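Worksheet for the structure shown next.
The values are calculated or read from the model by the stated rules, or taken from the named source; none is laboratory data. Computed from a prediction, not measured in an experiment: that's the story for all the values here. Here Cβ is always computed from backbone atoms with ideal geometry, including for glycine, and neighbour counts include all displayed protein chains.
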Amino acid sequence: MKLNLSKPLIFLDLEATGLSLGSDKIVEIGMVKLNPDGTTETKNMRINPEKPIPEKISKIHGIYDEDVKDCPTFKEAAPQLIQFIGQADFAGYNSNKFDIPLLAEEFLKAEIDFDLSHRRLIDVQNIFHIMEPRNLIAAYKFYCDKPLVNAHSALADAQATYEVFLAQLDRYENTELENEKGELYKPVQNDVQALSTLTNVSKNADLAGRIKYNEKGQEVFAFGKHKDKTVREVFEKEPAYYSWMMQGDFPLYTKKVITKIRLSMKK
């Protein structure tokens, strides 16, 4: 199928020294660029992260310090990367949570204002989750192997949810998964706190989850003494908090977001 494109679309994947957007660095970048005329371009570069790659991370992606010691740093590679990217939109797998935020962070550290506001971002993982049914009816059929009678009746749905939950605990009791760090863990445990942590999903206003949207669509802090307070309210009552964040060890894209909010308050 030929994609219906109005401008280039880049499929992106990154390998890095870890998962921290604030401190970890890219060690390899792979891009497949699809152009509106149907042509395809690719770019693959290894990057010297200017810091050691943890051995446990190297075992995952197979890139060791020796492999990148003579490669360009991101700042050195940035001009040709930004030229290749141009005004393209982006797509990737789980890219909205990791690849795009980390790429933006690296560009900002290289003193290149990588603006995402006019780029469309496609996360292929989210398409998978949307199109493969994840509603209660599908879950009840999958886990309990029977149709859900009286679906959308509050009590029937509550009872079905309870049965699905018990079936999940039984099915995954001793199931281990490997996380992105290569560590084995048991994600589903018979523990309310552990399951709450596992299933908590929030909508981020920035790319690192430091600032989130509340139910009213307002930016609120997701950490610290001002947790759940709106950013505007805090900056109005405690202007020094903005300065503290700008001087602190926060991702540059988080600082970009709060600066935009701060500037909008002055209009």
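Here's the yes/no breakdown for (1) out of contact with any His (no Cβ under 7 Å at 6 or more places or on another chain); (2) under 27 Å from MET246 (Cα atoms); (3) among the charged types (D, E, K, R); (4) modelled with pLDDT of 90 or more:
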| residue | (1), (2), (3), (4) |
| --- | --- |
| LYS2 | yes, no, yes, no |
| SER23 | yes, yes, no, no |
| GLY30 | yes, no, no, yes |
| ASP37 | yes, no, yes, yes |
| GLU66 | yes, no, yes, yes |
| ILE82 | yes, yes, no, yes |
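Residue-wise test of (1) in contact (Cβ under 8 Å) with a residue 24 or more places away in the chain; (2) charged (D, E, K, R).
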| residue | (1), (2) |
| --- | --- |
| ASP37 | no, yes |
| LYS51 | yes, yes |
| PRO79 | no, no |
| PHE90 | yes, no |
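What number goes with the only condition from (1) more than 25 Å from GLN87 (Cβ to Cβ); (2) buried (at least 17 other Cβ atoms within 10 Å of the Cβ) that PRO52 does not pass?
Going through the list (1) more than 25 Å from GLN87 (Cβ to Cβ); (2) buried (at least 17 other Cβ atoms within 10 Å of the Cβ), PRO52 breaks only (2).
Just checking, does the stretch 84-101 include any residue being surrounded by fewer than 17 Cβ atoms within 10 Å (Cβ to Cβ) and β-branched (Val, Ile, Thr)?
Looking through the stretch 84-101, none of the residues is surrounded by fewer than 17 Cβ atoms within 10 Å (Cβ to Cβ) and β-branched (Val, Ile, Thr).
Could you tell me which residue of the stretch 170-195 is modelled with the lowest pLDDT, considering only residues that are among the polar types (S, T, N, Q) and under 30 Å from THR17 (Cβ atoms)? Don't jump to the end; show me each part of the working.
In the first step, residues of the stretch 170-195 are kept if they are among the polar types (S, T, N, Q); the result is 174-175, 179, 189-190, 193.
So of that shortlist, the ones also under 30 Å from THR17 (Cβ atoms) come out as 175, 179, 189.
Details: THR175: 90, ASN179: 74, GLN189: 88.
Ranking the qualifying residues of the stretch 170-195, first place goes to ASN179.
Go through the stretch 210-239 residue by residue and tally those that are among the hydrophobic types (A, V, I, L, M, F, W, C), out of contact with any Asp or Glu (no Cβ under 8 Å at 6 or more places or on another chain) and either closer than 16 Å to LYS260 by Cβ or modelled with pLDDT of 95 or more (or both).
Of the residues in the stretch 210-239, 2 are among the hydrophobic types (A, V, I, L, M, F, W, C), out of contact with any Asp or Glu (no Cβ under 8 Å at 6 or more places or on another chain) and either closer than 16 Å to LYS260 by Cβ or modelled with pLDDT of 95 or more (or both).
Can you tell me which residue among LEU19, LEU81, LEU34 is over 17 Å from LEU3 (Cβ atoms) and either surrounded by 15 or more Cβ atoms within 10 Å (Cβ to Cβ) or of a type in the set (Asp, Glu) (or both)? Quick ask: steps written out before the conclusion?
Details: LEU19 fails: either surrounded by 15 or more Cβ atoms within 10 Å (Cβ to Cβ) or of a type in the set (Asp, Glu) (or both); LEU34 fails: over 17 Å from LEU3 (Cβ atoms).
The unique qualifying residue is LEU81.
Name the pairs whose Cβ atoms lie under 7 Å apart, with the first residue in the stretch 54-70 and within 10 Å of VAL27 (Cα to Cα), the second assigned to a helix (DSSP H, G or I) and among the small types (Gly, Ala, Ser), and 6 or more positions between them or separate chains?
From the stretch 54-70, the pairs are TYR64/SER58.
Could we say that PRO187 is part of a loop (DSSP other than H, G, I, E, B), touching a strand residue (DSSP E or B) at 6+ places or on another chain (Cβ under 7 Å) and surrounded by 12 or more Cβ atoms within 10 Å (Cβ to Cβ) here? Before the answer, list the steps.
Details: part of a loop (DSSP other than H, G, I, E, B): yes; touching a strand residue (DSSP E or B) at 6+ places or on another chain (Cβ under 7 Å): yes; surrounded by 12 or more Cβ atoms within 10 Å (Cβ to Cβ): yes.
The answer is yes for PRO187.
I'd like to verify a number: residues in the stretch 37-69 that are touching a Lys or Arg at 6+ places or on another chain (Cβ under 8 Å) and farther than 23 Å from ASN179 by Cα, how many?
Just the residues of the stretch 37-69 that are touching a Lys or Arg at 6+ places or on another chain (Cβ under 8 Å), to begin with: 38, 40-43, 47-51, 56-57, 60, 63, 67-68.
With the extra rule that they be farther than 23 Å from ASN179 by Cα, the set shrinks to 38, 40-43, 47-48, 50, 67-68.
Residues that pass the stated criteria total 10.
So, of the residues in the stretch 154-175 that are charged (D, E, K, R) and assigned to a helix (DSSP H, G or I), which turns out to be nearest to ASP191 (Cα to Cα)?
Applying the first criterion (charged (D, E, K, R)) to the stretch 154-175 yields 157, 163, 170-171, 173.
Imposing the further condition that a residue be assigned to a helix (DSSP H, G or I) reduces the set to 157, 163, 170-171.
Numbers: ASP157: 22, GLU163: 16, ASP170: 13, ARG171: 15 Å.
Going through the qualifying residues, I end up with ASP170.
Going by the conditions given, is ALA151 part of a helix (DSSP H, G or I), over 29 Å from the mean Cα position of the chain (by Cα) and hydrophobic (A, V, I, L, M, F, W, C)? Write out each step before concluding.
Numbers: part of a helix (DSSP H, G or I): no; over 29 Å from the mean Cα position of the chain (by Cα): yes; hydrophobic (A, V, I, L, M, F, W, C): yes.
Considered against the rule, which asks whether it is part of a helix (DSSP H, G or I), over 29 Å from the mean Cα position of the chain (by Cα) and hydrophobic (A, V, I, L, M, F, W, C), ALA151 comes out as no.
Where the second residue is in a helix (DSSP H, G or I) and the first is farther than 30 Å from HIS61 by Cβ and lies in the stretch 167-182, which pairs have Cβ atoms under 7 Å and are six or more apart or on separate chains?
Close Cβ pairs satisfying both conditions: ALA167/TYR143; ALA167/CYS144; GLN168/TYR143; ARG171/TYR143.
So which residues in the stretch 1-21 are over 19 Å from GLY62 (Cβ atoms) and in a loop (DSSP other than H, G, I, E, B), if there are any at all?
MET1, LYS2, LEU3, ASN4, LEU5, SER6, LYS7, PRO8, SER20, LEU21
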